[in-house]
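Visitor: One structure follows; several queries about it will come next.
Each value in this text was obtained by applying a stated rule to the coordinates, not by laboratory testing. Since the model is a prediction, treat every value here as computed from it, not as a measurement. Glycine gets a Cβ as well: all are built from the backbone with ideal geometry, and neighbour counts include every protein chain shown.
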Amino acid sequence: MKKAIYKKIKENDIIVIARHIGADPDALGSSIGLREIIKETFPKKEVYTVGASASKFKFMGTIDKINESKFKDALLIVLDTPDLKRIDGINSINDFKDVIKIDHHPEIDEFGSIKWVDDTKSSVCQMIMELCYGTKLKINKYAAERLFMGLVSDTNRFLFYYTTADTMRIVSKMIDDTGIDFTSLYDDLYRRPLSEIRLQGYMYQNLIVTENGLGYIKLTDEIIKQFEVDPASSGNLVNNFNNIDEVLVWVTFSEDIKQGLIRVNVRSRGPVINKVLERHNGGGHKFASGARIKTFDEMEDIVNDLDQLCIEYKKYKK
Ligand code: AMP
């Protein structure tokens, strides 16, 4: 598989790398990292990353501008995106000469002449490291830093269950080989404004917890504005509710007036949640999923479905 991907990269002079909308560090780290790796290995190739940039993660690197007339002669590599509708920065994969899919989400749409999909991998950044070490692709320090940040972010600092001995081994090899100063990268990833910490405090105080172990909180535009935080950042705070005795599944509903939607961010430390979110215009991983809904009316349905999931999980666990 890795050799076939390398061969396709070698054969194509123009390569476009795409990832999912609402980019996070794994999506950005894998796409920008792979761009740098291909350029390092094949300096004459044109390699572009596409999609909206995320100001919150500008330390991950820049996204490119590309003339769409090049698409028809280009190889498209889609990273970290299970479904066609969530690919950012392109209209259709059919506009490209050829397509490769590399992803660690449970499969939704099957696409690409080569498809490397493995939902046991911690992150797509880990898969790009494995691609490098399994072929003649050359990694450099800048790419290694991007891949490290993406992997650390997606595993929540090597905390999540899909962190394996292989994850540790490949990261440590990459650190040895490139000499990245990895502890200095944590500052960019984890330093946050006081306003966000204060909102986190509000969320801890006001989290509603059902007797079945579902924690949820509704963050209206008014509350988000009161704390001077943006809706994407308030949704990200969902990652800070791990390890609460009484909470099995937790969800934040953040109103985004500008985009006319409500961001739903869900995490679990037991019940598998992605199928529930797929029923509500979303999806994701077994224990980390999301959705976008139109109004708070739909919140009740999601809360009920997730609460039911907690009930079933507890019954099954007994
Ligand atoms: P987040 O809470 O935004 O960090 O998302 C967690 C996971 O859910 C990621 O793997 C996303 O790809 C997935 N996800 C988030 N929002 C959506 C959505 N609207 N549709 C499908 N998957 C989503």
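Visitor: Can you give the net charge of the other residues whose Cβ lies under 14 Å from the Cβ of Pro193, counting K and R as +1 and D and E as -1?
Guide: Values: positive: Lys56, Arg191, Arg192, Arg198; negative: Asp187, Asp188, Glu196, Glu228, Asp230.
Summing Lys/Arg as +1 and Asp/Glu as -1 gives -1.
Visitor: With a/c under 1.5 counting as rounded, go ahead and sort the chain into rounded, prolate or oblate using the C-alpha gyration tensor (a ≥ b ≥ c being the square roots of the eigenvalues; past the cut-off, prolate if a/b is larger than b/c, else oblate). Before the final figure, lay out the partial values.
Guide: On the way: a/c = 1.73, a/b = 1.64, b/c = 1.05.
Taking the square roots of the gyration eigenvalues as a ≥ b ≥ c, the chain is prolate.
Visitor: Ordered by residue, what ³J(HN,Hα) values in Hz, to whole numbers, does the stretch 132-148 give under the Karplus form 6.51 cos²θ - 1.76 cosθ + 1.60, where θ = phi - 60° and Gly and Pro are x?
Guide: Taking θ as phi minus 60°, the curve returns 4, 6, x, 9, 8, 5, 10, 9, 10, 5, 4, 5, 4, 4, 4, 5, 4 Hz for the stretch 132-148.
Visitor: While we're here: If you place +1 on the Cβ of every Lys and Arg and -1 on the Cβ of every Asp and Glu, how big does the dipole about the Cα centre of the stretch 1-101 come out, in debye to the nearest 20?
Guide: Working: 19 positive and 15 negative charges, 47 e Å.
Computed about the Cα centre, the dipole is about 220 debye.
Visitor: May I pose another question? Pop out the ³J(HN,Hα) list for the stretch 106-119 in order, Karplus 6.51 cos²θ - 1.76 cosθ + 1.60 with θ = phi - 60°, rounded to Hz; leave Gly and Pro as x.
Guide: With coefficients 6.51, -1.76 and 1.60, one gets x, 5, 10, 9, 8, 8, x, 6, 10, 9, 10, 10, 8, 7 Hz.
Visitor: Return the calculated 222 nm mean residue ellipticity for the chain, to the nearest 500 deg cm²/dmol, obtained by summing -39500 (n - 2.57) across DSSP H runs with n ≥ 4 and dividing by the residue count. Show your work: numbers first, answer last.
Guide: Values: 11 runs with 125 residues, N = 318.
Result for the chain: -12000 deg cm²/dmol, rounded to the nearest 500.
Visitor: Within the chain, what's the longest stretch lacking GluC sites (Glu not before Pro) that sit in DSSP loops with no more than 14 other Cβ atoms inside 10 Å?
Guide: On the way: sites that count: Glu107, Glu110, Glu211, Glu228, Glu246.
Looking at the chain, 1-106 is the longest stretch - no exposed GluC sites (Glu not before Pro) with at most 14 other Cβ atoms within 10 Å.
Visitor: Collect residues whose amide H, placed 1.01 Å from N in the peptide plane, falls under 5 Å from the amide H of Ile77; neighbours closer than 5 in sequence don't count.
Guide: Val16, Ile17, Ala18, Ile100
Visitor: Now for a separate question. At q = 0.15, 0.18 Å⁻¹, what base-10 log of I(q)/I(0) does the Debye formula yield for the stretch 2-189 when every alpha carbon is treated as an equal point scatterer in vacuo?
Guide: Listed by q, the Debye log ratios stand at -0.81, -1.22.
Visitor: Next question, about the same structure. To the nearest 20 debye, what charge dipole does the chain have about its Cα centre, counting +1 at the Cβ of each Lys and Arg and -1 at the Cβ of each Asp and Glu?
Guide: 920 debye
Visitor: Over the chain, what is the relative contact order in percent, taking alpha-carbon pairs closer than 8 angstrom and at least six residues apart?
Guide: Details: 585 pairs, mean separation 40.0, N = 318.
For the chain, the relative contact order is 13 percent.
Visitor: Rounding to the nearest 20 debye, state how big the charge dipole of the stretch 194-317 is about its Cα centre with +1 on each Lys and Arg Cβ and -1 on each Asp and Glu Cβ. Each step should come with its number before you reach the end.
Guide: Working: 15 positive and 18 negative charges, 97 e Å.
With Lys and Arg at +1 and Asp and Glu at -1, about 460 debye.
Visitor: Name the residue, out of Lys45, Lys58, Lys258, whose mean-square fluctuation peaks in a Gaussian network model built on the chain with Cα pairs under 10 Å.
Guide: Lys258
Visitor: May I pose another question? What does the charge count near Ala18 come to, summing +1 for each Lys or Arg and -1 for each Asp or Glu among other residues with Cβ under 12 Å from its Cβ? Can you show the working numbers first?
Guide: Working: positive: Arg19, Arg35, Arg86, Lys101; negative: Asp64, Asp80, Asp88, Asp95, Asp103.
So the environment of Ala18 carries a net charge of -1.
Visitor: Where Lys and Arg each count +1 and Asp and Glu each count -1, what net charge lies around Ile63 among other residues with Cβ under 12 Å from its Cβ?
Guide: Working: positive: Arg19, Arg35, Lys58, Lys65; negative: Asp64, Asp88.
Local net charge: +2.
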